[in-house]
Amino acid sequence: MTAPKTLYDKIWDAHVAHEAEDGTCLLYIDRHLVHEVTSPQAFEGLRMAGRKVHAPDKTIAVPDHNVPTTLDRANPETMTQDSRIQVDALDKNAREFGVHYYPVSDIRQGIVHIVGPENGWTLPGMTVVCGDSHTATHGAFGSLAHGIGTSEVEHVLATQTLIQKKSKNMKVEVTGKLAPGVTPKDVVLAIIGETGTGGGTGYVIEYCGQVFRDMSMEGRMTVCNMAIEGGARAGLVAPDETTFNYVKGRTHAPKGAQWEAALNWWKTLYTDDDAYFDKVVTLKGEDIQPVVTWGTSPEDVLPITAVVPHPDDFEGGKIEAAKRAIEYMGLTPGQKLTDIEIDTVFIGSCTNGRIEDLRAVADVVKGKKIKDGMRAMIVPGSGLVRAQAEEEGLAAIFAEAGFEWRLAGCSMCLAMNPDQLSEGERCAATSNRNFEGRQGYKGRTHLVSPAMAAAAALTGRLTDVRELA
Amino acid sequence: MKKFETFTGVAAPMPLVNIDTDMIIPKIFLKTIKRSGLGVHAFDEMRFDRQGNEIPDFVLNKPAYRKSEIIVAGDNFGCGSSREHAPWALADFGIKVVLSTSFADIFFNNCFKNGMLPIVLPQEQIDLLMQDAEKGENARMTVDLEAQEITTSDGDVIKFNVDSFKKHCLLNGLDDIGLTLEKSGAIKSFEENAAQSRPWV
């Protein structure tokens, strides 16, 4: 009998094309997603060496980081010159090297991690990489997905493999049920609050337990998306009926006999009983509350009912970091989190820019108005999400409430396009990073769920969404 | 890639934990289609004010540390984005080695692709090296990759671990793609098998 394996072990073993004596492997890559910021130097490297893209049919390119999200973006003047150069370079490289490509004008354009799953490129049991740390998102399908640097982008383009050593196995189990008002975003932030941003370093996490079994694909993508914020190479959820139902019928998903063959294999993708995990973290679903971040690291997480901590509450290097974060964020220890006033609300990103996220926002804001003077924007994750939200009547609810309803892109998650915070501006954001300057120079970010962001837009301060019901 | 050779250089102390890639190279500098020239923007928002003036308190602006080749850093250095612009910026500034108790995974890998050596050491040794680095310009450390040794200005020798394959590539300045293409037979046979076993991919 073979030793019991984890889900990660199974996917890994199915993709090793070569293993050296010291354990260094060539891992075969099934899907390579490409965007405009981390790929130009890689394509240039190929060109200089006279190399081709090894598997253009497994390579999918889409511009997302730089693209404006305003309705007039077809006008090239809406982009700065350097942004335009990057988008144009992707356009040229995609066509020249013959990879699948969704240009800005295509309705399927959007954030690369939303486009992949939506079009059926991401399937269970695959290896998926992209020059972007939030590639972890695709782990929601039970595919091994992680971010890579530009040198590795070039390596995958040239060889369709990556030089890798296997990570360790970590299990994050969330048992039981979630309380009303608690969302997948709260779950993943609570996990990072528990493990710290370095807690997953060296590991691939499998998210196990009833909470994830009950979660939609959109929710699982939110959780896996932020595996990287916990330091893990990747996050995984074992595929099940929820996964298969999501995948079935998508453009690039297998059909007919191939669907049946694929399904047979996908059903073997689970962690065997007694498989070994090097690290296990367990949380109770019932204990998780709606949370917000107060500082400048995704681990700076507290329930919305809490107060801003004091640096002395921490230990070691974190004391200095907390002092710096509290000062940067313009907060006072002991201040109630619900007393923090917000200038801007950003709803979108590869973490929370999917249809379910927009439905959650609509549920909170329907028939209400955002606070006077609030800047509030909703940026759908893709053109297809936007179209669906319009069809479902969500866009009308947003407009009625006073939100800006934008075109698809990464937008203010990392503020490489014109959507940015100004100095001192404070934002409730559904994105994934609250680093210093992330959303704009000296901008202040509080990470929250879509429902909590919607609540903050209505009241003008960080708000417990459960109190609005 | 340039070969990694034994050198002696100034080490800058950066004890802050969780120094992320947005700090190392803010996103406004990601809009380049080149690999070079990012050193002047390394740590931009910590190093310069909005008018472009140097912030004197920042370690790399202090006279003793302007030519640092080593950084001794707090935990979890390089967390956040996958941007290789972070190691490009550090390497272009002149950094060859970063020492910390831990690194973010993608940043760690990216360093090796650019001839830089990230070294993981236990807290006590990082504390010792941090103290040494705080002595300034006169405290030069020597990093010998072949022997896997750091020698402090006081002559203390600290051994470190490094992946044997990565060490080999750094010491010889090897290009990963070239090495992998030597195994193209293995890749081809993997693809032939996969076409049978997982034809839907």
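Here are some notes:
- Contact map, region B:174-201: first residue over 28 Å from B:Lys3 (Cα atoms), second residue part of a helix (DSSP H, G or I) and open to solvent by less than 50 Å² (accessible area, probe 1.4 Å), Cβ cut-off under 6 Å, separation 6 or more or different chains; pairs are B:Trp200/A:Ala262.
- Flag if A:Ile192 is part of a helix (DSSP H, G or I), under 21 Å from the mean Cα position of the chain (by Cα), of a type outside the set (Phe, Trp, Tyr) and within 13 Å of chain B (Cβ to nearest Cβ): yes
- Helices (runs of 4 or more DSSP H) (entirely within region B:92-201) containing at least 3 residues that are more than 10 Å from chain A (Cβ to nearest Cβ) and on the phi < 0 side of the Ramachandran plot: B:123-133, B:164-172, B:184-197
- Criterion: surrounded by 24 or more Cβ atoms within 10 Å (Cβ to Cβ) and among the acidic types (Asp, Glu) - qualifying residue of B:Asp75, B:Asp57: B:Asp75
- Inter-residue pairs, beta-carbon under 9 Å, first closer than 12 Å to A:Pro40 by Cα and in region A:92-103, second of a type outside the set (Lys, Arg) and open to solvent by 70 Å² or more (accessible area, probe 1.4 Å), 6+ apart: A:Asn93/A:Glu44
- Residue match in region A:440-456 (condition: in a loop (DSSP other than H, G, I, E, B), open to solvent by 10 Å² or more (accessible area, probe 1.4 Å), within 14 Å of chain B (Cβ to nearest Cβ) and among the basic types (Lys, Arg)): yes
- Looking across region A:100-121, the residues that are over 14 Å from the mean Cα position of the chain (by Cα) and either of a type outside the set (D, E, K, R) or open to solvent by less than 10 Å² (accessible area, probe 1.4 Å) (or both) come down to A:His100, A:Tyr101, A:Tyr102, A:Pro103, A:Val104, A:Ser105, A:Ile107, A:Gln109, A:Asn119, A:Gly120, A:Trp121.
- Candidates A:Ile163, A:Ile191 - the one that is under 23 Å from A:Thr296 (Cα atoms), among the aliphatic types (A, V, I, L, M) and in contact with a helix residue (DSSP H, G or I) (Cβ under 7 Å, 6 or more places away or on another chain): A:Ile191
- Flag if A:Thr430 is within 17 Å of A:Lys185 (Cβ to Cβ), more than 14 Å from chain B (Cβ to nearest Cβ) and more than 22 Å from the chain's Cα centre (by Cα): no
- Qualifying positions in region A:104-128 - in contact (Cβ under 8 Å) with a residue 60 or more places away in the chain, β-branched (Val, Ile, Thr) and either under 15 Å from B:Trp200 (Cβ atoms) or assigned to a loop (DSSP other than H, G, I, E, B) (or both): A:Ile107, A:Ile111, A:Thr122, A:Thr127, A:Val128
- Some residue of region B:175-197 being surrounded by 18 or more Cβ atoms within 10 Å (Cβ to Cβ) and more than 27 Å from the chain's Cα centre (by Cα): yes
- Of all residues in region A:137-149, one or more are touching a Lys or Arg at 6+ places or on another chain (Cβ under 7 Å), assigned to a loop (DSSP other than H, G, I, E, B) and more than 24 Å from A:Lys255 (Cβ to Cβ).
- For region A:21-43, a residue qualifies if it is within 7 Å of another protein chain (Cβ to nearest Cβ) and without any contact (Cβ under 8 Å) to a residue 12 or more places away in the chain, and exactly one does: A:Asp22.
- Looking across region A:202-240 at every residue that is more than 14 Å from chain B (Cβ to nearest Cβ), under 24 Å from A:Phe435 (Cβ atoms) and aliphatic (A, V, I, L, M), the one that is surrounded by the fewest Cβ atoms within 10 Å (Cβ to Cβ) is identified as A:Val223.
The values are calculated or read from the model by the stated rules, or taken from the named source; none is laboratory data. Everything quoted here is computed from the prediction, not taken from an experiment. Note: ideal-geometry Cβ built from the backbone for every residue, glycine included; neighbour counts use all protein chains shown. Only protein heavy atoms, including side chains, enter the accessible area calculation; ligands, DNA and RNA are left aside. Shrake-Rupley method; radii C 1.70, N 1.55, O 1.52, S 1.80 Å.
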